[in-house]
Every structure is written in C-alpha cells, then in structure tokens.
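All remarks here apply to the structure that follows.
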Amino acid sequence: MLKVLAWRDTLLGGAEMSGCDVKAVRGYKNVTILDPYAVPSPISAGNDVNKIKGYPRAASFSGDDDDATYTADRLVREATEAWEKDLVFSPYYHDTGYVIAASKPENIEELRLSEGADKPGNGFEHLITAEDFRKTMPKGVLTGKFPQWEGWFKKQGCGWVHARKALMSAVAEAERLGVRICNGGPQGTVISLLWEEGDVRGARTADGIEHRADHTLLCAGANAPQLLDMKDQLRPTAWTLAHIKMTPEEVKLYKNLPVLFNVERGFFMEPDEENHELKICDEHPGYCNWPPHTNLSQPFAKHQIPLVSEHGLRTFLRECMPHLAERPFSFARICWCADTPDREFLICQHPEYKSLTLGVGGSGHGFMHIPTIGSYIVDCLEGKLEPRMAKVWRWRPETAVGRDWEDVQGRMGGSYKVLNFADYGEGEWTSIPEVNTTTAMMARL
C-alpha cells in the first residue's frame with residue numbers, strides 16, 4: 001500500500017505495517033491511502049483469522065545492542081497496553097495464554113532463555129511429558145504423544161488477536177477521522193512514485209491519476225521494492241497456512257484455548273466462530289519467489305500452498321492432534337511480509353527524497369504493533385522520533401552489502417532453509433477445490 005500524509009496533502013502508500021494505525025492521522029486533514037487490494041489485502045500477513053500476541057518482554061533481533069533492546073522493550077509494552085485498553089483494538093484481543101515449545105535440545109534451551117521461562121515472576125509452568133501438554137487444554141483437544149516436545153505454559157498476559165477484525169476496526173476508525181481510502185482496483189494500484197525536482201511528490205495509479213502530496217509515506221510491505229530501490233534492505237518473504245472445518249461441537253470444545261506454538265513444528269489457536277474453521281500454520285524459515293537470474297523476491301497471491309508445507313502441517317497435527325491430521329483442508333493460502341537483514345523495522349526519511357518517509361520491514365513481527373507503530377512513523381515524518389529508536393530504524397544499506405538472501409534469520413522448522421516458490425511446479429501444490437477456496441475467501445472479506 002502507498003500512504004500519503006502531509007500538512008496539506010498526505011499520501012499513504014499501502015495499508016501494511018502502519019497503514020491502518022489511526023494514530024498516524026494525528027490531526028492531518030487531507031490523508032489518502034492507496035492500495036491495490038480491498039482491505040484486508042489478500043496477500044497481507046495481517047489478513048488472517050488470528051495472530052499470536054506474546055507477553056510484554058524485550059525481543060530485539062540485534063543481539064546485545066542496547067538501543068535495539070530499549071526500542072524493542074518500549075514497542076512491545078506500548079503495543080500490549082494498546083491491545084488491552086484501546087477501544088479500536090481491545091475487543092479483538094483474547095488473553096488466553098500460550099503454550100510455547102520446541103523439540104530439539106538446543107532449541108528448547110534457546111526458548112528457555114529467550115522467553116525467560118525459568119525466571120521467578122514470569123508465570124511459566126514447565127511442560128515435559130505428553131500428559132503435561134494435554135492438561136493445558138480441555139480433554140479431547142490435545143490427543144497426541146508430543147514426541148521430544150518440551151516447553152512452558154503461561155496462563156495470562158498473552159494470547160491471540162483476531163487480525164482481520166482488528167484491521168477492519170482500524171479502517172473504520174480511520175474513515176471516521178476523514179481518511180480517504182482508494183483501493184481494490186486500478187484506482188488504488190500504484191504503478192510508480194512521482195519523481196520531480198529530486199524529490200517524491202506523490203504517486204501515479206494504474207488508472208492514470210496522479211495523486212500529489214506534500215508528504216508521502218511508503219508502507220507497502222513486501223511490494224515496496226517494486227516502487228523504490230531499497231538497496232537490498234528488504235527481502236519479501238512468505239509463510240503458509242491452512243484451515244480445517246470443525247463441527248459446532250468441536251468449536252465449543254476448542255473455545256478460549258491458549259495458543260499452542262512449537263517453534264519447529266507450527267502453531268494453532270481456537271477456531272473461528274463464524275466459519276467454524278481451525279487455522280494451523282507450519283513453522284519454517286519462509287519462502288521467497290526468485291525467478292531465474294534475480295535476487296528480487298516477487299510477491300503474488302495464491303490460495304494454495306506447496307505440498308511440502310501440507311506435509312509440515314500434517315506432521316504438526318500428528319504430534320499434537322492426530323484426530324485432525326487427515327482431515328481435508330477447507331482453505332489455504334500464502335501470506336507475505338518483508339525482512340530487513342537484522343529484522344528491525346525501517347522507519348526513516350529517505351536520505352535522498354526529503355518528502356518520502358518509509359514505514360516498512362515488518363520482518364514477521366509487525367502486526368503486533370499496529371495499534372501504535374503509525375505514531376512513530378509520523379514522529380519520523382515530523383522529525384520528532386526518539387534518537388535511540390531513530391538509530392535502530394535508520395536507512396542502513398550497509399547492513400545489506402553482500403546479503404545472504406537464504407539466511408534463515410533465526411527461524412526454525414521445516415527444512416531449516418529458505419525455500420523458493422519458483423522451484424515448485426503446478427503438481428507440487430495443494431488442490432483445494434476452487435469452490436471451497438472462493439467461498440472461504442468471500443466469507444473472510
């Protein structure tokens with residue numbers, strides 16, 4: 001999405017990481033959002049039934065960097081408060097707790113350290129046996145043997161959010177505040193930025209219209225490299241998910257469950273009450289889409305997933321819920337994000353184009369921050385971003401010199417490799433009946 005914000009005219013390109021944060025409006029009177037898709041976007045990772053919301057702890061991806069740790073701690077605490085108290089978002093947060101686990105000894109140890117699972121006061125219960133895991137949920141939900149699993153259960157202060165409903169609530173609030181949204185066709189499809197006199201003056205859409213603005217915010221997620229040379233700082237990366245139809249009785253049994261997340265296998269949350277579907281995700285370092293002779297991963301929408309991901313999903317189910325492992329998928333899709341080399345956000349004014357502000361680089365953890373991240377992007381636009389945060393989120397092409405495009409960036413599971421969609425032919429994808437896929441998508445939109 002391209003967003004445009006300005007004192008007089010502000011353009012927001014894309015409704016990705018910050019596009020729907022109503023705090024980004026901040027009193028501006030002429031704000032336009034451009035997006036090629038209707039909200040929620042079918043390629044966005046945020047267009048989902050549910051997302052994990054962890055408990056408030058610092059989660060820097062930059063090692064021992066003090067500024068990154070400070071930034072991560074501030075971000076997560078402010079986002080947690082917003083999910084709990086901001087009426088635009090709080091109805092969609094479910095404080096159900098979560099079960100976090102791993103299978104390999106080295107990953108179990110890393111999880112213990114990163115979660116602070118054995119620190120007094122953090123409220124974790126150690127899970128070692130299959131029965132320990134089964135007892136975290138009502139009888140009949142977890143029926144597996146949990147081979148080699150070890151983990152921890154935190155009963156409160158974390159859980160999940162209904163991602164799609166939260167996005168739609170934010171859009172409704174933005175429209176109430178006077179934001180103009182152009183999306184869902186040529187009128188919202190940005191084909192280029194408007195370059196004039198060494199600056200960006202807005203954007204041109206596929207219908208030929210020039211949208212001029214005093215300030216342009218580029219928050220286009222995985223599509224940003226198609227509009228601006230990002231100097232290899234963004235890698236569009238995708239993940240996979242599927243849904244399984246549940247009976248009304250199963251939906252009742254699975255209501256208010258804690259999240260279950262094995263960092264090597266996958267995760268699930270309670271079923272969607274409206275569609276009676278259980279979402280499951282396989283855990284892996286991600287997919288890119290590299291056509292021959294290029295390092296530029298190119299996003300696309302598809303409501304099927306590679307068979308290798310189906311295998312991963314069913315392996316996960318066999319270990320924790322074998323009674324569902326062979327049930328057919330009712331829906332599946334790929335969803336896109338964009339990784340920076342250090343997985344920190346890229347929120348800065350462009351060094352060459354003074355009227356262009358960037359809000360990209362969600363790096364797999366952007367959605368948690370949608371209630372608050374837009375305010376930081378506008379702080380950046382106004383030159384008010386706190387210096388320590390500005391340092392962490394700066395324009396930093398030096399971090400992408402000689403970038404290893406297949407770097408797993410700390411992610412686990414699957415083949416422990418970044419895979420390439422271009423390697424999979426038509427016979428190597430699921431074939432969920434189109435009628436099911438279409439019906440499911442319409443129900444979600």
Q: Inspect all residues belonging to the range 174-186 and state whether any of them is open to solvent by 40 Å² or more (accessible area, probe 1.4 Å), in a helix (DSSP H, G or I), over 28 Å from ILE334 (Cα atoms) and not hydroxyl-bearing (Ser, Thr, Tyr).
A: yes
Q.
Go through (1) crowded, with 17+ Cβ neighbours inside 10 Å; (2) part of a loop (DSSP other than H, G, I, E, B) for PHE133 and report which single condition fails.
A. (2)
Q | Of all residues making up the range 235-255, the number that are touching a residue at least 60 places away in the same chain (Cβ under 8 Å) and open to solvent by 10 Å² or more (accessible area, probe 1.4 Å) | A | 3
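From the list GLU125, GLU131, which one is among the acidic types (Asp, Glu), under 30 Å from ALA325 (Cα atoms) and without any contact (Cβ under 8 Å) to a residue 12 or more places away in the chain? Give the derivation first.
Values: GLU125 fails: without any contact (Cβ under 8 Å) to a residue 12 or more places away in the chain.
On inspection, the qualifying residue turns out to be GLU131.
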Q: Take SER375 and decide whether it is in contact with a Ser or Thr (Cβ under 8 Å, 6 or more places away or on another chain), surrounded by fewer than 23 Cβ atoms within 10 Å (Cβ to Cβ), under 25 Å from ILE33 (Cβ atoms) and among the small types (Gly, Ala, Ser).
A: no
Q) GLU264: within 30 Å of LYS145 (Cα to Cα), outside any loop (DSSP other than H, G, I, E, B), of a type in the set (D, E, K, R) and touching a strand residue (DSSP E or B) at 6+ places or on another chain (Cβ under 9 Å), yes or no? A) no
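Return the residues of the range 296-310 that are in contact with a helix residue (DSSP H, G or I) (Cβ under 7 Å, 6 or more places away or on another chain) and farther than 20 Å from GLY413 by Cβ; say none if nothing qualifies. Working first, answer last.
Within the range 296-310, the first condition is being in contact with a helix residue (DSSP H, G or I) (Cβ under 7 Å, 6 or more places away or on another chain), and the residues that meet it are 296, 299, 303, 306-307.
The answer is LEU296, PRO299, HIS303.
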**Q.** Options LEU346, LEU419: the member that is closer than 15 Å to MET230 by Cα, at pLDDT 95 or above and either touching a Phe, Trp or Tyr at 6+ places or on another chain (Cβ under 7 Å) or crowded, with 16+ Cβ neighbours inside 10 Å (or both)
**A.** LEU346
Q. If you scan the range 109-130, which residues turn out to be surrounded by 14 or more Cβ atoms within 10 Å (Cβ to Cβ) and outside any helix (DSSP H, G or I)?
A. GLY116, ALA117, ASN122, GLY123, PHE124, GLU125, LEU127
Q. So which pairs qualify, if the first residue must be in the range 291-316 and closer than 18 Å to ASN262 by Cβ, the second must be in a helix (DSSP H, G or I), the Cβ gap must be under 9 Å, and the two must be at least 6 apart or on different chains?
A. VAL308/GLU428
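Could you pull out the residue among LEU75, LEU34 that is modelled with pLDDT under 95, out of contact with any Leu (no Cβ under 6 Å at 6 or more places or on another chain) and among the aliphatic types (A, V, I, L, M)? Quick ask: steps written out before the conclusion?
Details: LEU34 fails: out of contact with any Leu (no Cβ under 6 Å at 6 or more places or on another chain).
After ruling out the rest, the residue left standing is LEU75.
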Q | Scope the range 154-173; condition of a type outside the set (Gly, Ala, Ser), touching a Gly at 6+ places or on another chain (Cβ under 7 Å) and open to solvent by less than 70 Å² (accessible area, probe 1.4 Å); matching residues | A | LYS154, CYS158, LEU167
Q | Residue under evaluation LEU234, criteria (1) more than 30 Å from LEU111 (Cβ to Cβ); (2) in contact with a helix residue (DSSP H, G or I) (Cβ under 7 Å, 6 or more places away or on another chain), criterion not met | A | (1)
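Filtering the range 188-212 down to residues that are of a type in the set (Lys, Arg) and touching a residue at least 60 places away in the same chain (Cβ under 8 Å), which residue is nearest to PRO40 (Cα to Cα)? Walk me through it before giving the result.
First, the residues of the range 188-212 that are of a type in the set (Lys, Arg): 201, 204, 212.
Of the ones still in play, those that are also touching a residue at least 60 places away in the same chain (Cβ under 8 Å) are 201, 212.
Numbers: ARG201: 26, ARG212: 25 Å.
Top of the filtered list is ARG212.
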Q: Could you check how many residues of the range 271-294 are part of a loop (DSSP other than H, G, I, E, B) and open to solvent by 10 Å² or more (accessible area, probe 1.4 Å)?
A: 12
Q. Applying the selection to the range 295-311, what residues are outside any helix (DSSP H, G or I) and of a type in the set (Gly, Ala, Ser)?
A. SER297, ALA301
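The values are calculated or read from the model by the stated rules, or taken from the named source; none is laboratory data. All figures in this text were calculated on a predicted structure; none of them were measured in a lab. Note that we place each Cβ from the backbone using ideal geometry, even for glycine, and neighbour counts take in every protein chain shown. Just the protein is used for accessible areas: all its heavy atoms, side chains included, with ligands, DNA and RNA removed. Shrake-Rupley method; radii C 1.70, N 1.55, O 1.52, S 1.80 Å.
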